[in-house]
Amino acid sequence: MPGRCQERDRAPQYCARPRAEYADGVRGRVGLPLWAATVDDIDARIIAALVEDARASYALVGQRVGLSAPAVKRRVDRLRAVGAITGFSARVDPAAMGWTTEAYVELFCGGRTSPEEIRAAVRRYPEVADACTITGEADALVHIRAADVRHFEGVMERIRAEPFVIRTRSVIVLSRLVERADALPPQSR
């Protein structure tokens, strides 16, 4: 029958409905991505399994979540289509790549420096692992990886030379206490 759900993975609510139906009959709540309303408990467990091992077969993931391999594949395809899963990647030990020093740097910016200006500047440095705007006194927090302290110092000198940077405050990581591969859905932790 046309329009009927063909999935057999205990989730008929995900079958062939227009995207607008997923989040309260509109295209999504303000501030939430559309997929946020479409990730159920099984999806969250699939995502957790893939975060743990992105190379796991659909059959293995299915064993963990109680679905068949084809049902897991359909769900993963749907999660990719709505943007809940954005890709698959390898996790690499930074030290194996020569990055033996790690630091977090607070940037204090002058005037009305926009997040886009900060982003454009820090993206130029391959040593910047990630960066974000933050609350508090500083305007941004930058995560830096360097070969050694001397290399880190050179990166800091270049960042401080950016025209909008008034000052910086940095801390060097001594040892990591917790490191999670990626953000897991709250109910899967």
Residue-wise HN-Hα coupling along the stretch 172-180, computed from phi with Karplus coefficients 6.51, -1.76, 1.60 (Hz; x: Gly, Pro): 9, 6, 8, 8, 7, 9, 9, 9, 9
Theoretical FRET efficiency, 1/(1+(r/R0)^6), r = Cβ-Cβ of Ala69 and Arg180, R0 25 Å, to 0.05: 0.40
In Hz, Karplus ³J(HN,Hα) per residue of the stretch 70-81 (6.51, -1.76, 1.60; θ = phi - 60°; x = Gly, Pro): x, 5, 5, 4, 4, 5, 4, 4, 5, 5, 5, 5
Potential lengthening between Met97 and Arg160 on full extension [0.36 nm per residue; Cα-Cα distance subtracted]: 20.1 nm
Residue exposure sequence - Leu177, Leu67 - by fewest surrounding Cβ within 10 Å: Leu177, Leu67
Sorted peptide list for 137-147, 76-86, criterion being average Cβ within 10 angstrom, highest first: 137-147, 76-86
Shape category assigned to the stretch 83-189 from the gyration tensor of Cα positions, a/c cut at 1.5: oblate
Using θ = phi - 60° and Karplus 6.51 cos²θ - 1.76 cosθ + 1.60, couplings along the stretch 124-130 (whole Hz; Gly, Pro as x): 5, 9, x, 6, 7, 7, 6
Given charges at Cβ of Lys, Arg, Asp, Glu: the stretch 94-172 dipole, positive-most of Met97, Pro115, His143: Pro115
FRET efficiency, 1/(1 + (r/R0)^6) with R0 25 Å, evaluated for Ser89 and Thr135 via beta carbons: 0.30
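Coordinate-derived values only; no laboratory data. Just so it is clear, the model here is predicted, and its values are computed rather than measured. Please note: Cβ atoms are built from the backbone with ideal geometry, for glycine as well, and neighbour counts cover all protein chains shown.
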